1. Go through segment 41-62 and report how many residues are under 14 Å from the mean Cα position of the chain (by Cα) and outside any helix (DSSP H, G or I).
2. Just wondering, is there one or more residues in segment 30-40 that are of a type in the set (A, V, I, L, M, F, W, C), more than 30 Å from D3 (Cα to Cα) and in a helix (DSSP H, G or I)?
3. Here are K49, K83, K33: which of them is basic (K, R), free of Cβ contacts under 8 Å to residues at least 60 places away in the same chain and in contact with a strand residue (DSSP E or B) (Cβ under 6 Å, 6 or more places away or on another chain)?
4. Consider R53 carefully, then state whether it is touching an Asp or Glu at 6+ places or on another chain (Cβ under 8 Å) and either at pLDDT 90 or above or within 26 Å of N81 (Cβ to Cβ) (or both).
Amino acid sequence: MDDLSHALRLPKEVILKFSFNNDKYYHRVEMKKKTGGIRHIESPLRELKAIQRWVLRTILDKLSPSVYAKGFVRGKSILDNAKPHEGNQYVLNL
């Protein structure tokens, strides 16, 4: 916590505030789907989004995903995910 607080140049109390009261720091919007249903969108408020972006770019983007990961990996597609399952009778998608 100390390292993150120092790196973000934010007091620990601010980080804890966002960590434990996270429902208060998201903007909720309902959007109609083309199929007729409703999609619920929750987007972080500006300050929380800035923290999340910093963590993503400074920490998470530098980590290598598992070789088995295909989703949300740059340069990978749904075809890359499907290829190892080609010819299988069943595929469990969770």
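The values are calculated or read from the model by the stated rules, or taken from the named source; none is laboratory data. Everything numeric here is computed off the predicted structure, so don't read it as measured data. Here Cβ is always computed from backbone atoms with ideal geometry, including for glycine, and neighbour counts include all displayed protein chains.
1. Keep residues of segment 41-62 that are under 14 Å from the mean Cα position of the chain (by Cα), which gives 41-44, 48-57, 59-61.
If we keep only those that are outside any helix (DSSP H, G or I) too, we end up with 41-44, 59.
Here the count works out to 5.
2. At the first step, the residues of segment 30-40 found to be of a type in the set (A, V, I, L, M, F, W, C) are 31, 38.
Cutting the leftovers down to more than 30 Å from D3 (Cα to Cα) gives us 31, 38.
Still in the list and also in a helix (DSSP H, G or I): none.
No, that holds for no residue.
3. The match here is K33.
4. no
To keep it simple, each residue is scored yes or no on (1) touching a Phe, Trp or Tyr at 6+ places or on another chain (Cβ under 6 Å); (2) surrounded by fewer than 11 Cβ atoms within 10 Å (Cβ to Cβ).
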position: A7; (1), (2): no, no
position: P11; (1), (2): no, yes
position: F20; (1), (2): no, yes
position: Y26; (1), (2): no, no
position: L48; (1), (2): yes, no
position: R53; (1), (2): no, no
position: R74; (1), (2): no, yes
position: L79; (1), (2): no, yes
position: Y90; (1), (2): no, yes
